[in-house]
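No lab work stands behind these numbers, since they all come straight from the coordinates. In this text, all values refer to a predicted model and were calculated from it rather than measured experimentally. Glycine also receives a Cβ, built like all others from the backbone with ideal geometry; neighbour counts cover every protein chain displayed.
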Amino acid sequence: MSRTMLLASTKRGLFLLSSEDRKEWQIDRHTMQGKVVYNAALDPRTGRMFATDNNVFFGSKLLYSDDMGETWQEPARGIEFPEASGLALQNLWIIEPSEDEPGRVYVGVDPASLWVSDDNGENWSMNEGLQSHPTRERWNPGNGGLCLHSIVRDHSDKDRMWIGISAVGCMRTEDGGKTWTHANKNTRQDFGPELYPEYGQCIHRLVQHPDKPDVLYQQNHCGVYMSENGGDDWIDIRNNLPGDFGFPIALDRHHPETLYTVVVEPWGRHNYGDQFTVYRSQDAGGSWESLSDGLPNGTGVKLGVLRHGMWADTADPCGVYVGTNTGQIFASDDRGDSWQMIADFLPPVNAVRAVTLD
């Protein structure tokens, strides 16, 4: 019987939850206590767990565990900018094991750069093509910093990859990272002097269709978008959503025209009105429905979800998981039709990621 593990990265450590049936959940371990964890991942090829340790006083570093979070250690050569670059590592934002590239793991950081390991995370090198991009000196940070937070390696072409940087936008490589181009056509920048610039958009999260490699979806500071041509241009699919602004986006891998997001009031960055709501589209953004069965409501309900705070698992029907910045985790085992709270009183949740274990 398979078991679902949920990695919940929080402001005060990493929580590991598990369930045999996605209905009854338990917290198995609270590890990395006292550390600020933005993101964590379990590499299914090796069983190695990775997590970010972001510390404003002692600096940021990547850690890994080979015993499911009981003990942690640092890589032999970690993620550290060369002294000559004049750059200093601020935060690590995203960890992505590459399932079909033996030994390869990617990490995105602030200031925006892409790091690669080919030995399961022991030694790390910086992608020079992105680092030397001719527009780099004109990149500006978003509210969370100049963070590379989304890494989407094309499952159909090993040389093509997309990344999301706040507030630079979407970028694409087609030659394995040697060169990069901006891919933001028709995505708005409502907060700048130019509505549709080449770059400078504040992308919040980016995902790829599992069967149609040219189809991408993004949640943006200024809307929800779909591309049908690998990012050459984008279509606004906000439609009947109550607002433009949100952080997360996820999709059902068995029904990949089914999308999930949470949009929030842009200033308060919490749910609209008194009902915390997840929004689902079953026609690739043509229309959206409100999902709230089992989710909290009331005058004091003001919940926010960060960019990595939503995840959809690979089961059918898919499970959907949402962690809030007030310390709750909600789960659905029926594609979002109904929800239950599976954890409360946690520290603010930065990210959730589900893994199916045999």
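Ranked for footprinting exposure by Cβ neighbours inside 10 Å, fewest first, M161, M5 give M5, M161. Take the Cβ atoms of D157 and Q73, set R0 to 25 Å, and the FRET efficiency comes out at 0.15. Peptides 9-15, 230-236 ranked from most to least packed give 9-15, 230-236, packing being the mean of other C-beta atoms within 10 angstrom over each peptide's residues. For the cross-link pairs K178/K212; K185/K212; K35/K212; K158/K185; K61/K178; K23/K302, the ones whose C-alpha atoms lie over 30 Å apart are K35/K212.
Full extension of the chain between D66 and E24 gives 12.5 nm of extra length, using 0.36 nm per residue less the Cα-Cα distance. Loop-located chymotrypsin sites (Phe, Trp or Tyr not before Pro) in segment 259-352 (DSSP state not H, G, I, E or B) with no more than 10 neighbouring Cβ atoms inside 10 Å: W267, F345. The residues T261, T314, T71, when put in order of fewest to most other Cβ atoms within 10 Å, stand as T71, T314, T261. Taking amide H as placed 1.01 Å from N in the peptide plane, L306 has its amide H under 5 Å from the amide H of N325, each at least 5 places away in sequence or on another chain.
The modelled label-to-label distance between Q340 and A84, using points 7 Å beyond Cα along the C-beta direction, is 5.8 nm. Each 5 Å bin from zero up to the one holding the largest Cα-Cα distance in segment 256-358 carries the following percent of pairs: 3, 13, 23, 27, 20, 9, 3, 1, 0. Near M68, the amide H atoms lying under 5 Å from its own belong to M49; only residues 5 or more places off or on other chains count, and H is placed 1.01 Å from N. Residue exposure proxy: K185, K212, ordered by other Cβ atoms within 10 angstrom of their Cβ from fewest to most, comes out as K212, K185. Can you list the residues of segment 87-113 with backbone N under 17 Å from a point 7 Å past the Cα of E122, pointing along Cα to Cβ? What the label zone holds, given the 17 Å backbone N cut-off, is 102-106. The Kirkwood radius of segment 1-149, taken over pairs of alpha-carbon atoms, gives through the Stokes-Einstein law at 4 °C and 1.567 mPa s a diffusion coefficient of 80 µm² s⁻¹.
With bins 20 Å wide beginning at 0, the percent of Cα pairs of the chain falling in each bin runs 32, 62, 6. Using the Karplus relation 6.51 cos²θ - 1.76 cosθ + 1.60 with θ = phi - 60°, the per-residue 3J(HN,Hα) values for segment 80-85 come to 8, 5, x, 4, 5, 6 Hz, with x marking Gly and Pro. Per-residue 3J(HN,Hα) values for segment 108-120, derived from phi via the Karplus relation 6.51 cos²θ - 1.76 cosθ + 1.60 with θ = phi - 60°, read x, 9, 10, x, 3, 7, 10, 10, 9, 10, 10, 10, 6 Hz in sequence order (x marks Gly and Pro). Our Cα-only numbers for segment 59-134 put the radius of gyration and Dmax at 12.7, 44 Å.
Since only G103, M68, A84 are under comparison, the one whose Cα sits farthest along the positive direction of the charge dipole of segment 63-117, derived from C-beta charges on Lys, Arg, Asp and Glu, is A84. With just the Cα atoms defining each centre, how far is segment 81-118 from segment 285-358? Give it in Å. Centre-to-centre distance over Cα atoms comes out at 28 Å.
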